[in-house]
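Since the structure comes first, as structure tokens, the remarks are kept for the end.
What follows is calculated from the coordinates using simple rules that are stated; it is not laboratory data. Being a predicted model, the structure only gives us computed values, none of them experimental. So basically every Cβ, Gly included, is an ideal-geometry build from the backbone, and we count neighbours across all protein chains shown.
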Amino acid sequence: MRNKKGSRLSPAALLFVVLLLFSCSSSNRLDGYLYYRLNTNPTTLDPALITDVSGAAIAAKLFNGLVRLKDNLEIAPDIAEKWQISKDGLRYTFFLKKGVRFSAGREVRAQDFKYSFERILSPDTKSPNSWIFDKVEGAKEFREGRADEVKGFRVINDYAFEIKLKKPFSPFLSMLTTAPAYVIPKEDVKKWGVDFSSHPSGTGPFVLKEWLPNRELILQGNKMYFDGDVSISGIIYRIIPEDLTAVTEFELGNIDVLSLPASAYSKFRDDRKWNKYIVSNSGLNTYYLGMNSSRQPFDNPSLRRAVSYAIDRTRILITFYENRGRLAIGPVPDLLRKWNIKESSRFLIYNPAKAKEIINKERLSGTKVFLYITADQDVVDLSEIIQSYLSEVGINVIIKQLEWSAYKDAVNKGEPDMFWLSWWADYPDPENFLFPLFHSSNLGPGGNRARYVNKEVDFLIEKGQYSISEKERNYFYQKAEEIIIKDAPWVFFWHRNDYVITQPWIKGYRIYPIYTMDKGTEISIER
């Protein structure tokens, strides 16, 4: 789940903030530290519990897994120096590098991976990411308390670890590059208990030095990092909800790297001084308006389709969003989809007359629905546009703003009728946009926040997961996506392009297609 936060300031408050900012100086900076902006306080830095982009992006700098993604999105060694996969696709044997150490100094062993992965599956952890390992042999028995350990996790020796699956599962190795598959030290979890989420310790290029909630997080370079030197002293994430404040801080030199908010995009794009420092990339994500399909009124797929017809997504993308993305025709990003969507499956073309016809036929004119959003100014503005479009076809939208944690909790519990969210690829496989988001086993926190249930879609996704042939796998995924588009649990808006601006003294910065690829080791500061 991915989003930004923000709030409007009164003119007097705005003036006070600006004056306060100008009274600040970049001399307050810590030397050698890279300054980022976060628009919200991370929920957790415990890999078992992370479900949001900001948390996972920070965790990628604190932890490591068995494998990671290379620039071409292929699987590369991380703590495992090599691995073998049996011919039947069931056994994965990983051979660990020696000398990899946790931040406290202890060497990582195969037993640490067994502990970390079983912790994800343990009911006591309440991890929303247990689906990553639910294909492992014995995972179900362990989760149900019928076994003391997961049969499919086997420590061969200190530096060899085996995972056995119940049946072949094509995305599995890619899934091991995600945050929940990071290794953690058991002794620190025992020491901190539930507070491990705010006192994480791992093997990454940085360690968490300090976390001041709703203010900043300070990461310090890890001198024991096993995979090369870190050229910066550390990273400071400043939590700044208000976009205008963040932009002002950037212009003052107090932020080094800023993801451009919509309100500032054209300003920097059209400025000759700054536009050469804008870095862009086509993102692996999908932004959507979700509809709660488990209850009235959106348990009616006809009404959900009417909502899609009622909103001119193309116009919104071109005008409001300034073409900073690619129009979505379904949940799978265009960069991952290897099939064509049949024209008959497209229920997305702007057609308000068709929307009214459906609403009148279903006798739903005047229907009142609650649209939950965060206080991010982009989202506030967009929600008002959506509200206007739906009002024109007879749907009365009431907008309810919540702070991020409360918003996330409400959406996970299925409180809103409609909600605005995005999903960013955790690993580069279409399955990552189908199984977590639309399979009925993942209702709520698991990713299926629209609470969409279609047994045929479940069947097709599972067939794709277990197909060894890529051609066969894509066939099943295509069929699943076409049904999802027709059932319309989402209004599919766009795949956002990333635009980031850096200070002139920042060298080596790049945007990665998947956020966990950025370990923070390639960037440098030359002031």
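Structure notes:
- Relative to one another, the C-alpha centroids of the stretch 78-130 and the stretch 235-300 are positioned 34 Å apart.
- Pairs spanning more than 19 Å between alpha-carbon atoms, out of K135/K190; K135/K167; K408/K455; K97/K223; K354/K486: K135/K190; K408/K455.
- Ordering N351, F320, A59 by the projection of their Cα atoms onto the charge dipole of the chain, which places +1 on the Cβ of Lys and Arg and -1 on the Cβ of Asp and Glu, puts N351 at the extreme positive end.
- Reduced Cα scattering model of the stretch 67-183, Debye log10 I(q)/I(0), q = 0.11, 0.13, 0.21 Å⁻¹: -0.34, -0.49, -1.29
- Within the stretch 380-396: backbone nitrogen closer than 19 Å to the N360 label point (7 Å, Cα to C-beta): 389-396
- Taking other C-beta atoms within 10 angstrom as a stand-in for reagent exposure, W211, W423 fall in the order W211, W423, fewest first.
- For the stretch 368-384, the Karplus equation 6.51 cos²θ - 1.76 cosθ + 1.60, evaluated at θ = phi - 60°, returns couplings of 9, 10, 9, 9, 8, 9, 8, 8, 4, 4, 4, 6, 4, 5, 5, 4, 5 Hz by residue, with Gly and Pro reported as x.
- Residue by residue, the stretch 116-122 carries 3J(HN,Hα) couplings of 4, 6, 5, 5, 4, 7, 5 Hz when phi is fed to the Karplus relation 6.51 cos²θ - 1.76 cosθ + 1.60 (θ = phi - 60°); x denotes Gly or Pro.
- Residue separation of I398 and K191 scaled by 0.36 nm, minus their Cα-Cα distance, works out to 69.9 nm of gained length.
- Beta-bridge orientation, the chain: approximately 75 percent antiparallel, per DSSP, counting only bridges with both partners inside.
- Taking each DSSP H run with n ≥ 4 as -39500 (n - 2.57) and averaging over every residue of the chain yields -8500 deg cm²/dmol at 222 nm.
- Placing unit charges on the Cβ atoms only, positive for Lys and Arg and negative for Asp and Glu, gives the chain a dipole magnitude near 600 debye about its Cα centre.
- 3J(HN,Hα) along the stretch 276-292, derived from phi through the Karplus expression 6.51 cos²θ - 1.76 cosθ + 1.60 where θ = phi - 60°, amounts to 6, 9, 8, 10, 10, 7, 7, x, 9, 7, 9, 9, 8, 9, x, 10, 5 Hz, with x in place of Gly and Pro.
- Kirkwood-based Rg to Rh ratio, the stretch 142-249, C-alpha trace: 1.07
- Charge dipole magnitude, Cβ of K and R +1, D and E -1 - the stretch 285-497, Cα centre, debye nearest 20: 520
- Among L460, S233, T367 the positive-end extreme of the charge dipole of the chain (Cβ point charges): L460
- Ratio of the Cα radius of gyration of the chain to 2.2 N^0.38 Å, where N counts its residues: 0.98
- Backbone N under 18 Å from the W505 label point (7 Å along Cα→Cβ), restricted to the stretch 243-271: 248-258
- Neighbour-count ranking [beta-carbon atoms within 10 angstrom, fewest first] of M418, M517: M517, M418
- Likely footprinting exposure, H495, H199, fewest C-beta neighbours within 10 Å first: H199, H495
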